[in-house]
Amino acid sequence: MNRNKVQRGCYQVVFTLTRSAFNIIACIVFFCTISSCVNHYVKDKIIFRYNQPEGISSLDPAFAKNQAIMWGVHQLFNTLVEADDQLHIKPSLCKRWEVSEDRLRYTFILRDDVFFHDNPAFPQGKGRKMIAPDVVYSLHRITDPATASPGAWIFNNRVDNSNGFIAINDTTFQLKLLRPFHPILGVLSMQYCSIVPREVVEKYGNAFARNPCGTGPFRFTRWEEGQVLLMAKNENYFEHDSVGKRLPYLDGIKVSFLENKATEFLEFTQGRLDFINDIDASFKDEVLTKKGELRTDWQGKVVLSKHSFLNTEYLGILADTNNILVRHHPLRIKAVRQAINYGFDRKKMIMYLRNSLGTPAGSGFIPAGLPAYDSAKVKGYDYDVTRARKLLQSAGFPDGQGLPVIKLLTIPVYAELGSFVAKQLEEIGVQVQVEVVQKSLLLEQTAKSQALFFRGSWMADYPDAENYLSVFYGKNPAPPNYTRYENAAYDRLYETALQEQNDSVRYQLYRQMDRMIIEDAPIVPLWYDMVIRLIHPHVKGFRPNSLNLLELRRVQMDN
């Protein structure tokens, strides 16, 4: 093990060369006074700085298909409604809403103090007031084939495109559903549903993705691809804090695009980034104990923030017995799938591979953090080698005899996890070959039902368990039904739940469906995720949420 010391400003950083050259990472940082090192002021302006290693391909809400885009879009735009810290839906661009008795019409009364950012597309370049026709235009635009939005599915079979979005007047918008759909407010909180001005979209065309204009707390100022994205405070933002001060508190945001996580981490330790999201595997052991707490060298010098995240990590098993991959394969047998679920230790996996960052998936597919989650009412799989062996024997494969080698498809970042599962399954006689492929290929193969056994994850599109249970609705294609699971009884429960108005009754139906998924085992739940952030102590009011949105409206920073 080689060590090279580097002195930079107020930080002395010691690097550790790990087994792979590209895993060079800062492992021990000795801090001097944080406030004397951190320079987040630029000409008396308070700028919040973060890095986006994945890059940002668009700032058009219609293309907010991943977290990187969602974070940027969330600063620049607003939606009719939004989820609060407890995942309750509350007004944003609207003041309130009313629901008809048949639950097919939602009428939204809009705020009359919301203005779009200044833009050359407006007369004299001054941003105009946001009105109901803007809502109609924005939501129609998502479903317009000419837009080619990846979010077009959100209104499929839910809203009548020809007459579903109506501006009653400038401050009243009405949404008409084809049939009752309780999670529709959650759908409207998605970044896809951000409100955009027609004249700016039409001025820039496809280039709107790089010239965004919304109503959000920050306005777009500059974007140098792969280098920097700058956003400035919207001085006319409509929200105020509890004492009447206009939000946001920050003067601006600076986003960098460093692809290397080691470099990102070094920038954070040197005070040039205000936080980092997630802790890369290459340096997690240097920062965290196996119990997921800060090591002694870091305590009091950075803040570790952990919060439940609506994301379930799992292994999927193709369940379509008409598919040639499944028709004669042992994975078509429920007992074999259940044996795999019992055959490895999730708690050990989370502790040693993830430093306890996440909750072992001992329940169903619905993750911790949603109201419908109840580990006492939905029992998942424990680590039970004896039971796993009995299941294999009942399926005609005692100690795994007669089972072919099963190929598990995964992506590079989860290769170690796949190897852990494969190693443990050897103990019950199940041989797993881990094949690492690029994410794009895995997505293609799962969408085309060409992957028999694959690693997957499901991050909530909106804060309702229905979003997770739709993954197994037999009438849904892939995506979201990547396993091609089909069960008539499950489908009836799903359709009943969509009609149910009582939350408690609907949650009972959700849990019943979740138990069916556990019993039939088209998936192997791994863990329920966490939002993990390292934050400098000078950052105040930076609160995480279960959707892992980057919320900066109320962030303040000490001098």
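The values are calculated or read from the model by the stated rules, or taken from the named source; none is laboratory data. In this text, all values refer to a predicted model and were calculated from it rather than measured experimentally. Cβ atoms come from the backbone with ideal geometry, glycine included; neighbour counts cover every protein chain shown.
Tell me, yes or no, whether the range 526-541 has at least one residue that is small (Gly, Ala, Ser) and modelled with pLDDT under 95.
Kept after step one, since they are small (Gly, Ala, Ser), are these residues of the range 526-541: 541.
Restricting the remaining residues to those that are modelled with pLDDT under 95 gives none.
No, the conditions are met nowhere in the range 526-541.
Go through the range 446-464 and give me each residue that's surrounded by fewer than 20 Cβ atoms within 10 Å (Cβ to Cβ), under 14 Å from the mean Cα position of the chain (by Cα) and not aliphatic (A, V, I, L, M).
Once the filter is applied, which keeps residues that are surrounded by fewer than 20 Cβ atoms within 10 Å (Cβ to Cβ), under 14 Å from the mean Cα position of the chain (by Cα) and not aliphatic (A, V, I, L, M), the range 446-464 yields only SER457.
Can you tell which of PRO544, PRO537 is touching a residue at least 24 places away in the same chain (Cβ under 8 Å), in contact with a His (Cβ under 7 Å, 6 or more places away or on another chain) and assigned to a loop (DSSP other than H, G, I, E, B)?
The match here is PRO544.
Of the conditions (1) part of a helix (DSSP H, G or I); (2) on the phi < 0 side of the Ramachandran plot; (3) not aliphatic (A, V, I, L, M), GLY205 fails just one. Which one is it?
Of everything listed in (1) part of a helix (DSSP H, G or I); (2) on the phi < 0 side of the Ramachandran plot; (3) not aliphatic (A, V, I, L, M), GLY205 misses just condition (2).
Going through LEU409, LEU417, LEU443 one at a time, which residue ends up being under 29 Å from the mean Cα position of the chain (by Cα) and assigned to a strand (DSSP E or B)?
LEU409
Can you tell me which residue in the range 157-174 is modelled with the lowest pLDDT, limited to those that are among the polar types (S, T, N, Q) and under 24 Å from SER92 (Cβ atoms)?
Taking the range 157-174 as the starting set, the residues that turn out to be among the polar types (S, T, N, Q) are 157, 161-163, 169, 171-172, 174.
Among the residues that remain, those that are also under 24 Å from SER92 (Cβ atoms) are: 161, 169, 171-172, 174.
Values: ASN161: 72, ASN169: 98, THR171: 98, THR172: 98, GLN174: 98.
Applying the filter and picking the extreme gives ASN161.
Give the residue, chosen from GLY362, GLY400, GLY343, GLY369, that is at pLDDT below 95, assigned by TED's automatic domain parsing to the domain that holds ALA497 and either surrounded by 16 or more Cβ atoms within 10 Å (Cβ to Cβ) or over 29 Å from LEU443 (Cα atoms) (or both). Please lay out each step first, then the result.
Working: GLY362 fails: at pLDDT below 95; GLY400 fails: at pLDDT below 95; GLY343 fails: at pLDDT below 95.
GLY369 is the lone residue from the list that is at pLDDT below 95, assigned by TED's automatic domain parsing to the domain that holds ALA497 and either surrounded by 16 or more Cβ atoms within 10 Å (Cβ to Cβ) or over 29 Å from LEU443 (Cα atoms) (or both).
Check ASN481, ASN467, ASN476 and return the single one that is touching an Asp or Glu at 6+ places or on another chain (Cβ under 8 Å), on the phi < 0 side of the Ramachandran plot, surrounded by 16 or more Cβ atoms within 10 Å (Cβ to Cβ) and outside the structural domain of GLY151 (by TED's automatic domain parsing).
On the way: ASN481 fails: touching an Asp or Glu at 6+ places or on another chain (Cβ under 8 Å); ASN476 fails: touching an Asp or Glu at 6+ places or on another chain (Cβ under 8 Å).
That would be ASN467, the only listed residue that is touching an Asp or Glu at 6+ places or on another chain (Cβ under 8 Å), on the phi < 0 side of the Ramachandran plot, surrounded by 16 or more Cβ atoms within 10 Å (Cβ to Cβ) and outside the structural domain of GLY151 (by TED's automatic domain parsing).
Being within 23 Å of GLN501 (Cα to Cα), crowded, with 20+ Cβ neighbours inside 10 Å and within 28 Å of the chain's Cα centre (by Cα) narrows it down to one residue among LEU188, LEU93; which is it?
LEU188
Which one of these is among the polar types (S, T, N, Q), surrounded by fewer than 16 Cβ atoms within 10 Å (Cβ to Cβ) and under 31 Å from the mean Cα position of the chain (by Cα): SER375, SER356? Don't jump to the end; show me each part of the working.
Details: SER356 fails: surrounded by fewer than 16 Cβ atoms within 10 Å (Cβ to Cβ).
From the options SER375, SER356, the qualifying one is SER375.
Quick grid of which residues meet (1) out of contact with any helix residue (DSSP H, G or I) (no Cβ under 7 Å at 6 or more places or on another chain); (2) farther than 19 Å from LEU443 by Cβ:
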| site | (1), (2) |
| --- | --- |
| SER457 | yes, no |
| ASP461 | no, no |
| LEU469 | no, yes |
| GLY474 | no, yes |
| GLU495 | yes, yes |
| SER504 | yes, yes |
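State yes or no: is ARG158 charged (D, E, K, R), surrounded by 15 or more Cβ atoms within 10 Å (Cβ to Cβ) and under 30 Å from TYR510 (Cβ atoms)?
Values: charged (D, E, K, R): yes; surrounded by 15 or more Cβ atoms within 10 Å (Cβ to Cβ): yes; under 30 Å from TYR510 (Cβ atoms): yes.
Spelling it out, ARG158 is indeed charged (D, E, K, R), surrounded by 15 or more Cβ atoms within 10 Å (Cβ to Cβ) and under 30 Å from TYR510 (Cβ atoms).
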